[in-house]
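The values are calculated or read from the model by the stated rules, or taken from the named source; none is laboratory data. Computed from a predicted structure; not experimentally measured. Using ideal geometry, Cβ is built from the backbone for each residue, glycine included, and neighbour counts are taken over all protein chains shown.
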Amino acid sequence: MKPWVLGLTGGIGSGKSAVAACFAELGVLAVDADQVARFVVEPGQPALAEIADRYGSGILLADGRLDRTALRQRIFQLPEERKWLEQLLHPLIGAEVSSRLARAISPYAILESPLLIESGQFRTVDRVLVVDAPEALQLSRAMSRDKAGEAQIAAIMRTQASRDERLRHADDVLVNDGDLCSLRAQVERLHRFYLSLKGEAR
C-alpha cells in the first residue's frame, strides 16, 4: 500500500531537522524539500541548462554550479523573472519529491519543508506536524547555529508564516522546548500513533 505523507514544518530554529532525524532513526523516510530544490539545479540537471540559457554563463560559478547569489539578485529585482523561475522549478521539485516519497517502505513518509504552509505544499500531504518552540528560543538556537545576528534571524522569521498561521494548519504539534531526550520521547509517541493510522489520515 502506498505510504501516506506527513508534512513536517516549523519556524527557523524550531528543530525541524532534529525531529526529522529522530523519525529517520525509527525507520521513517524523510524527504527534505530544501535539499530537493538544490538537487534540481545541480550540474547535469535540465533545469540548470535552462537557467544558463536564459541568463547566460555569468549565472554559473567557475566549477559549473549555479551562482545562487547572482540568481537571487536577478529574480528579486524583476518579479516576472521570479515567476519564470518558479514555473520552471516547482513542477521539477514536486516530481522529485513525489518520486522520493514513493520509495518509503514504512506505512508513512515525511515531507520536511520550512515553507510547507507558505508554498501551499500542505495541500499535497495527508497530515501536518508543526514543530513549535517559544520565539526567544528559536532566535537563540538559530543565532548560535547560523552564527548570525539577532536582526538577521528576526528578519528571516518575518518572511516565514506566523506561528499562529502554522498552528492553524497543524493536525499535530510537537513542542520542542526541552532536551534531545524529551524530543525523542515525543517523536516515539507520535510514531506509534502514526503507525496506527494506516493511511487513514485526514
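Observations
- Residue that is modelled with the lowest pLDDT [pool: residues in region 121-164 that are surrounded by 12 or more Cβ atoms within 10 Å (Cβ to Cβ) and among the charged types (D, E, K, R)]: D146
- Only one entry of L183, L111, L101 meets the criterion of being crowded, with 18+ Cβ neighbours inside 10 Å, more than 18 Å from the chain's Cα centre (by Cα), at pLDDT 90 or above and of a type outside the set (K, R), and that entry is L183.
Residue-by-condition table, conditions (1) touching a strand residue (DSSP E or B) at 6+ places or on another chain (Cβ under 9 Å); (2) outside the structural domain of R192 (by TED's automatic domain parsing); (3) of a type in the set (D, E, K, R):
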site: R82; (1), (2), (3): no, yes, yes
site: E86; (1), (2), (3): no, yes, yes
site: H90; (1), (2), (3): no, yes, no
site: V97; (1), (2), (3): yes, yes, no
site: L115; (1), (2), (3): yes, no, no
site: Q121; (1), (2), (3): yes, no, no
site: T124; (1), (2), (3): yes, no, no
site: V128; (1), (2), (3): yes, no, no
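- Close Cβ contacts (under 7 Å, 6 or more residues apart or on different chains) running from residues in region 1-27 that are within 12 Å of H191 (Cβ to Cβ) to residues that are among the hydrophobic types (A, V, I, L, M, F, W, C) and assigned to a helix (DSSP H, G or I) comprise V19/L183; V19/V187; C22/L183; C22/V187; F23/V187.
- Of all residues in region 4-50, those being under 22 Å from the mean Cα position of the chain (by Cα), among the small types (G, A, S) and assigned to a helix (DSSP H, G or I) number 8.
Residue by residue, here is whether (1) outside any helix (DSSP H, G or I); (2) under 25 Å from R54 (Cβ atoms) holds:
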{"position": "K83", "(1), (2)": "no, yes"}
{"position": "G94", "(1), (2)": "no, yes"}
{"position": "S99", "(1), (2)": "no, no"}
{"position": "A109", "(1), (2)": "yes, no"}
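- Region 4-50: number of residues that are surrounded by 15 or more Cβ atoms within 10 Å (Cβ to Cβ) and in contact with a Gly (Cβ under 8 Å, 6 or more places away or on another chain): 3
- Residue within region 49-64 that is in contact with a Lys or Arg (Cβ under 8 Å, 6 or more places away or on another chain) and either at pLDDT 90 or above or assigned by TED's automatic domain parsing to the domain that holds K2 (or both) present: yes
- Residues in region 51-72 that are within 22 Å of the chain's Cα centre (by Cα) and more than 15 Å from V40 (Cβ to Cβ) were compared, and the one that is surrounded by the most Cβ atoms within 10 Å (Cβ to Cβ) is D67.
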